[in-house]
Every structure is written in C-alpha cells, then in structure tokens.
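Undergrad: Once you've had a glance at the structure underneath, I'll fire off some questions.
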Amino acid sequence: MEMFGRVGLVEVPILIAPDQKAWMDRMIKEGKIAIPPGGTLEKGSLYSMFIRMLLHNAMEEQKRQEALEADDEDDE
C-alpha cells in the first residue's frame, strides 16, 4: 500500500545522527511508525515512509503558508 499513490521514487542517501536512528529504531520496534493494515514492510521501507511523510507534511504546510500570505496581500 503506497500512501502517495503510484509514483516513481528516487533513491536519496541521507545521514542522520546516531540518536535519531536509535529513536527511529525504537519507534519501529514499538509500532509507533505505522505499518499499513495487514501489511509487512522491511525496516528500511519504514524509514523511507516516515521521511516521505515528513516531506509531504512540510510541502503541504508550505502551500498553506503561501495561501495565507496571498490572502494577506489581497486584503491590503
């Protein structure tokens, strides 16, 4: 199950701090980084899903902020 629909993905190597990796490992182990219902994913896929969701949320927030700024400009 792909939450972003069927889109091609590109591989991007990332570096995170050891404490960040430990935190992600703990969240995965505790089931706090969600696996789709009835699905099983490799640990690397869970990292990927988590980071893609963070990026998705940041992009949505940027669009929201731009819309708010455009509304403010229209009110002036």
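Undergrad: Looking at region 32-76, which of its residues are modelled with pLDDT under 80 and small (Gly, Ala, Ser)?
TA: Listed by number, the residues that qualify are ALA34, GLY38, GLY39, GLY44, SER45.
Undergrad: Between a residue in region 4-33 that is closer than 17 Å to ARG52 by Cα and any residue that is β-branched (Val, Ile, Thr) and open to solvent by 60 Å² or more (accessible area, probe 1.4 Å), which pairs come within a Cβ distance under 8 Å, given they are 6 or more apart or on different chains?
TA: Listed pairs, sorted by first residue: MET24/ILE16.
The values are calculated or read from the model by the stated rules, or taken from the named source; none is laboratory data. In this text the structure is predicted, and so the values were computed from the model without any measurement. For neighbour counting, all protein chains shown are included, and Cβ atoms are generated from backbone atoms with ideal geometry for every residue, glycine included. Just the protein is used for accessible areas: all its heavy atoms, side chains included, with ligands, DNA and RNA removed. Shrake-Rupley method; radii C 1.70, N 1.55, O 1.52, S 1.80 Å.
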